[in-house]
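Since the structure comes first, as structure tokens, the remarks are kept for the end.
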């Protein structure tokens with residue numbers, strides 16, 4: 001029984017290994033395409049996102065100041 | 001949120017420009033190659049500058065007719081923000097020129113016109129800084145600002161068209177029209193212009209609000 005179980009387990013493991021060898025791993029390939037232009041686009045988008053976030057925070061601070069001035 | 005919808009449009013349009021500007025198809029042109037994509041980034045700087053400086057001169061005229069100091073604040077802040085975009089336009093144009101025309105700067109009517117315009121607006125700030133009295137400063141600056149905007153139109157729009165220029169869209173150079181007809185580029189270029197103008201107006205509105213708060217605090221103390 002033990003022998004049979006170990007054989008099945010080993011078979012399963014080998015089949016898993018086999019499957020991995022047969023198929024190339026595919027992950028987010030868009031970012032790795034030959035020109036890698038998507039990386040630049042992502043970087044610029046992040047920079048712009050950061051700048052916009054900064055603008056929003058300044059906008060909110062000024063709104064707060066305006067409200068405080070109106071109260072007094 | 002309701003009155004901030006145009007800020008969202010500014011954000012979405014500029015983000016769209018960054019993504020589409022790099023990934024969409026562009027016409028293959030000799031010398032320019034991929035640098036043709038600069039059209040989406042360099043040209044909107046000038047459109048934004050022209051728009052914001054128009055806001056500036058509009059409020060200068062308004063000040064002269066109504067003498068409301070708030071108009072002067074808008075005019076001076078708009079000139080400031082407009083110059084930010086002008087400086088960005090000059091620098092990006094210079095980089096683009098280096099890799100297409102072969103030099104950082106060429107003695108071209110359009111380029112020299114842009115440089116002279118920058119100097120004229122620098123003089124506007126020097127003029128403002130040299131007068132202490134608020135009403136007097138506002139009035140003299142407003143008159144000078146009208147002169148500055150007229151000079152801007154002359155140096156950037158009229159003179160380059162009257163002589164040969166390397167810069168597209170002037171003299172005998174049909175460059176810009178050729179790309180302009182390309183509908184692939186239009187779908188990115190127009191949103192880019194609108195997006196950057198709105199972003200510029202956003203920055204301008206922050207400047208104005210800040211300046212008004214500063215004035216209120218100053219008057220209270």
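The values are calculated or read from the model by the stated rules, or taken from the named source; none is laboratory data. These numbers come from a predicted model, not from an experiment. Positions of Cβ are backbone-derived with ideal geometry, glycine not excepted, and every protein chain shown enters the neighbour counts.
A few points about this structure:
- The residue list B:219, B:127, B:198 contains one member that is modelled with pLDDT of 95 or more, within 14 Å of chain A (Cβ to nearest Cβ) and in a helix (DSSP H, G or I), which is B:198.
A quick yes/no check of all residues on (1) more than 22 Å from residue A:40 (Cα to Cα); (2) buried (at least 20 other Cβ atoms within 10 Å of the Cβ):
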| site | (1), (2) |
| --- | --- |
| B:7 | yes, no |
| B:21 | no, yes |
| B:32 | no, no |
| B:64 | yes, no |
| B:85 | yes, yes |
| B:96 | no, no |
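- Residues that are more than 9 Å from chain A (Cβ to nearest Cβ) and more than 11 Å from residue B:188 (Cβ to Cβ), drawn from region B:1-21: B:1, B:2, B:3, B:5, B:6, B:8, B:9, B:12
- Selection of first residues in region A:40-66 that are more than 8 Å from chain B (Cβ to nearest Cβ) and of second residues that are modelled with pLDDT of 95 or more, restricted to Cβ pairs under 6 Å at least 6 apart or on distinct chains, gives an empty result.
- Listed conditions (1) within 13 Å of chain A (Cβ to nearest Cβ); (2) part of a helix (DSSP H, G or I); (3) closer than 20 Å to residue A:41 by Cβ are all met by residue B:39, apart from (1).
- Those residues of region B:102-118 which are surrounded by 15 or more Cβ atoms within 10 Å (Cβ to Cβ) and not in a helix (DSSP H, G or I), in sequence order: B:106, B:108
- Residue within region A:26-33 that is within 11 Å of chain B (Cβ to nearest Cβ), in a helix (DSSP H, G or I), under 30 Å from residue B:199 (Cβ atoms) and modelled with pLDDT under 70 present: yes
- Checked against (1) at pLDDT 95 or above; (2) in contact with a helix residue (DSSP H, G or I) (Cβ under 6 Å, 6 or more places away or on another chain); (3) closer than 30 Å to residue A:55 by Cα, residue B:144 passes all but a single condition, namely (3).
- Residues (free of Cβ contacts under 8 Å to residues at least 40 places away in the same chain, touching a helix residue (DSSP H, G or I) at 6+ places or on another chain (Cβ under 6 Å) and under 15 Å from residue B:75 (Cα atoms)) located in region B:121-136: B:127
- Listed conditions (1) touching a residue at least 60 places away in the same chain (Cβ under 8 Å); (2) under 22 Å from the mean Cα position of the chain (by Cα) are all met by residue B:37, apart from (1).
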